[in-house]
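Worksheet: one structure, shown below.
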Amino acid sequence: MNILVTGGAGFIGSRYVRTLLAPDETPDGPGAPRVTVLDALTYAGTAANLPLGHPRLDFVHGDIRDAALVDKLTADADQVVHFAAESHVDRSIDAAAEFVLTNVVGTHTLLDAALRHGAGPFVHVSTDEVYGPLESGSADEEHPLRPTSPYSASKASADLLALSYHRTHGLDVRVTRCSNTYGPRQFPEKLVPLFVTRLLDGGRVPLYGDGSNVRSWLHVDDHCSGVDLVRTRGRAGEVYNLGGGTELSNRQLTALLLDALGAGPDRVTPVADRKGHDTRYAIDWTKARDELGYRPHRDFGAALAETVAWYRDNRAWWEPLVRSLRERPAR
Ligand code: NAD
């Protein structure tokens, strides 16, 4: 079996690829899946995230909007797991065009090719942000989509397009919607790695508004195991929320990170709130639990400490990225 993984050089996609190639998950041998990664290596992706040279991995540097390339790769693929996206909300507020082109047009290009070649399941990896903010309670898969940022609107558009290929054409599309994810190899513009790397460098961290915005935090391993359960046990045409993370305000998370790095509150700089900043996301993940046996395994405190230690021990990974950020700042 050949699995095409788009965006496999990014944060979550690369972790997923490592899982697919891990011998204890899928032992090498005639029946083991081959993995083809298609990634444009934008500012957010690096081939160094991948175990290049692994006998079951092929890496293709290319764009999901390149219809000819996507057609060729999809013809050779049995299944598709689609992570590739522009993923940073702040950048979508500054300039949304790339979000529409990659997240919507790129997804459409992949869906068309998957349909032509009968590749499925096609797992479309989406986000809890498509439901928009909730003051209380949690959104199940039937909750209306009320995205507020250009990022979440582009993801919601892609979700609907993907589901339309199931309803109209019968393509085996499955959609995952997951909470905020943290762990090693996350590009240092997102909250956790941004704050950790700034604190490690002796700098200050920018906290939006009054820091009261709430997110649910899930470790990347749990996100990836959920995606794989959807690929292997999910049903065509279904959406699965992947939640169960730890709900924290940005202020609470900042306090935990300061504590982990031995830094005081004087290292926080309050900054003007993000435009249209969603107050709180929360998802109901009962369906994935009951139907697929999904449940998060990583303890938040231990996994956050391990994540901080990873950035402390892997400066060679993030220092060039932080330098590149100075040339392309997002906030
Ligand atoms: P990321 O930004 O770290 O990685 C995205 C990858 O996609 C990069 O390797 C990039 O080079 C590649 N890419 C971008 N545009 C491309 C294009 N046109 N063609 C080919 N490759 C392209 O993102 P991530 O945090 O790993 O997120 C992966 C997926 O998970 C995204 O679809 C995102 O919406 C979703 N998601 C992320 C989170 C989170 O907290 N990070 C939470 C829920 C869902």
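The values are calculated or read from the model by the stated rules, or taken from the named source; none is laboratory data. Everything numeric here is computed off the predicted structure, so don't read it as measured data. Backbone-built Cβ (ideal geometry, glycine too); neighbour counts: all protein chains shown. When the accessible area is computed, the model is the full protein with side chains, heavy atoms only, and any ligands, DNA or RNA have been set aside. Shrake-Rupley method; radii C 1.70, N 1.55, O 1.52, S 1.80 Å.
Give me the Debye-computed log₁₀ of I(q)/I(0) at q = 0.15, 0.16 Å⁻¹ for the chain, equal point scatterers on Cα only, no solvent, two decimals. With no solvent term, the Cα-only Debye profile gives -1.32, -1.52.
The tail of the calculated P(r) for segment 37-123, taken as Cα-Cα distances beyond 17 Å, holds 51 percent of the pairs.
For segment 165-271, the equivalent ellipsoid built from the Cα gyration tensor has semi-axes of 36, 13, 11 Å, listed from largest to smallest. The 1.4 Å probe gives accessible areas that order 179, 324, largest first, as 324, 179. Given a Förster distance of 30 angstrom, what is the FRET efficiency for residue 146 paired with residue 319, based on the Cβ-Cβ distance and rounded to 0.05? Rounded to the nearest 0.05, the efficiency is 0.15. Residues in segment 190-278 average 38 Å² of solvent-accessible surface per residue, probe 1.4 Å, ligands and nucleic acids excluded. Excluding ligands, DNA and RNA, the accessible surface per residue across segment 1-147 is 39 Å² with a 1.4 Å probe. Protein heavy-atom surface of segment 147-246, 1.4 angstrom probe: 47% of the accessible area is carbon and sulfur, with nucleic acids and ligands not counted.
Note on residue 98 and residue 236: the model spin-label points, each 7 Å out from Cα along the C-beta direction, lie 3.6 nm apart. For the chain, the longest principal axis of the alpha carbon atoms and the long axis of helix 150-169 meet at an angle near 20°. Which of 33, 53, 145 sits farthest toward the positive end of the charge dipole of segment 1-147, with +1 on the Cβ of Lys and Arg and -1 on the Cβ of Asp and Glu? The residue sitting most towards the positive pole is 53. When the helices of the chain are scored as -39500 (n - 2.57) per DSSP H run of n ≥ 4 and the total is divided over every residue, the value at 222 nm lands at -11500 deg cm²/dmol.
Under 26 Å of direct C-alpha separation, and excluding same-chain neighbours fewer than eight residues apart, residue 72 reaches these lysines: 155. With Rh defined as the Kirkwood radius, the inverse of the mean 1/r over Cα pairs, the Rg/Rh of segment 273-331 is 1.13.
Comparing 118, 237, 203 in a Gaussian network model of the chain, where Cα atoms under 10 Å apart are tied by springs, the biggest mean-square fluctuation is seen for 203.
Only Cα sites of segment 63-166 enter the Debye sum here, all with the same form factor; the resulting log10 I(q)/I(0) across q = 0.14, 0.15, 0.16, 0.19 1/Å is -0.55, -0.62, -0.70, -0.91, listed in q order.
Overall, the accessible surface of segment 56-130 at a probe of 1.4 angstrom is composed of carbon and sulfur to the extent of 53 percent.
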